[in-house]
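Since the structure comes first, as structure tokens, the remarks are kept for the end.
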Amino acid sequence: MSGIASRRVVAALVIALALATPVAVATVQAHGNHVAADSQVTDDGTVLVEAVSSIRPGFVVLRADAGGRPGEPLGSVYVGRTPDLTYRTSVPVPLDESVWTGWEGNRTIWAVLHGDANGNEEFDYGTDLAVTNINPAASTRVTVRRSESGRASVLAAGFDPQPIDDGTITVRRADLPTAGHLVVYPTGGNRSVGSRSLPAGTHRNVTVPLNESFLAEQTRDFRVRVAAHRDRGDGVFGPSDPPVTAGDRVVDTYFAVAPENATDDRPLVNTPTVTTAPERSATDGPTAEGAAPGTGTDAPTSAPAGGPTDSAPTTDGTAGSGTGFGAALAALAVGFAALVAVVRSASQR
């Protein structure tokens, strides 16, 4: 190969790699360090973190609020590795016993992702540092209310937009301290576009029907808010049924939805604030009291009215999303290896 031809090949490879690099970098960022959690009510000192993504194994650490910034640690749990990266949903993080003993009413706290500096899987504050310098989305602030009458939380968010299934969306987990409703709102709006009535307790993989007229208007991915409401006694959601709150925050969650008639021009890489489709049961569970016909929910567990929480630091499920940053980096590495080989070959001629 002549020197001119060698330079042309090298230039072509450089251009190709330059074009591929933004996609690889975007993929890494979209599947990088991220923590999602929402305000909630707990009756046992366990805080449910909705979704955790981490480039490396580490810890989800609950930290006090210190003037709008994360302060002293209040509790932690280790999150290990999945095939592509660490990505887990519905992660229970226990507050330290001494913290929970002195907890009263509402408190603002942070959920922060920390690294595992020495790989011993034991959190060491001051050594296992927060990874918020890599990605600010590795922390989030929520309000947690202590209650003796049951848990309240709504969990549905993940990575990718959740596909509509026969006009319904799925809430991965819902905890209601009393009989109530899951109510769906379009982001930024207060008009209900769907609801599901449920008894008190913990419910998993709850399907909530959306209004047909609302769905017919959607041609692109859209975001919704699903909030927990108390029932006033008639078993049907109405404007007099108040939202469940923690402090001045509604117990709810936000996530993205992909309608059945969506166009194909959505971005190739989604941001880590949108969702992975929740786990679905093989069959629908029994229909809850007041539920819409044809929709299913896992029956509430046989526990006190407040509903149980997972006692061990395990997760409801783990899930990857897309090819992940590992595949992107691998492809990039192969390209650079090829470039190096060509450059070496050219330099020997």
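Per residue, how many Å² of accessible area does the stretch 54-203 show with a 1.4 Å probe?
39 Å²
In the stretch 129-176, what percent of the accessible surface is made up of carbon and sulfur (1.4 Å probe, ligands and nucleic acids excluded)?
With neighbouring chains kept in place, the figure for the stretch 129-176 is 48 percent.
Once fully extended, how much extra length lies between residue 122 and residue 213, figured as 0.36 nm per residue of separation less the alpha-carbon to alpha-carbon distance?
Details: separation 91, 0.36 × 91 = 32.76 nm, distance 5.15 nm.
Result: 27.6 nm gained on full extension.
Could you calculate the FRET efficiency of residue 148 with residue 248 from 1/(1 + (r/R0)^6), where r is the beta carbon distance between them and R0 is 25 Å, rounded to 0.05? It would help to have the intermediate numbers written out before the result.
Numbers: r = 21 Å, r/R0 = 0.83.
The computed FRET efficiency comes out at 0.75.
I need the phi-derived Karplus couplings for the stretch 55-64: 6.51 cos²θ - 1.76 cosθ + 1.60, θ = phi - 60°, integer Hz, Gly and Pro marked x.
The phi angles translate into 5, 10, x, x, 9, 9, 10, 7, 10, 5 Hz.
Once you list every other residue whose beta carbon is under 12 Å from the beta carbon of residue 125, what net charge do they have if Lys and Arg are +1 and Asp and Glu are -1?
Details: positive: 63; negative: 72, 96, 122, 124, 128.
In short, -4.
Using a 10 Å cut-off on Cβ atoms, rank the peptides 123-136, 197-210 from the highest mean neighbour count down.
On the way: 123-136: 14.8, 197-210: 22.2.
Packing order, densest peptide first, comes out as 197-210, 123-136.
Each label point is 7 Å from the Cα along the Cα-to-Cβ direction; what then is the distance between the points at residue 141 and residue 72, in nm?
In this crude label model, residue 141 to residue 72 measures out at 1.9 nm.
May I ask which residue of 202, 224, 213 lies farthest towards the positive end of the charge dipole of the stretch 190-236, with charges of +1 (Lys, Arg) and -1 (Asp, Glu) on Cβ and the Cα centre as origin?
Projecting each Cα onto the dipole axis, the largest value belongs to 202.
Starting from the amide H of residue 39, placed 1.01 Å from N in the peptide plane, find each other amide H under 5 Å away whose residue is 5 or more places distant or on another chain.
HN-HN under 5 Å from residue 39: 143, 252.
Please get the size of the charge dipole for the stretch 95-158, origin at its Cα centre, with Cβ charges of +1 on Lys and Arg and -1 on Asp and Glu, quoted in debye to the nearest 20.
Dipole magnitude for the stretch 95-158 comes out near 540 debye.
The values are calculated or read from the model by the stated rules, or taken from the named source; none is laboratory data. Just so it is clear, the structure is predicted and the values come from calculations on it, not from any experiment. In this analysis, Cβ positions are derived from the backbone assuming ideal geometry, glycine residues included, and neighbour counts consider all displayed protein chains. What goes into the accessible areas is simple: the full protein's heavy atoms, side chains included, and nothing from ligands, DNA or RNA. Shrake-Rupley method; radii C 1.70, N 1.55, O 1.52, S 1.80 Å.
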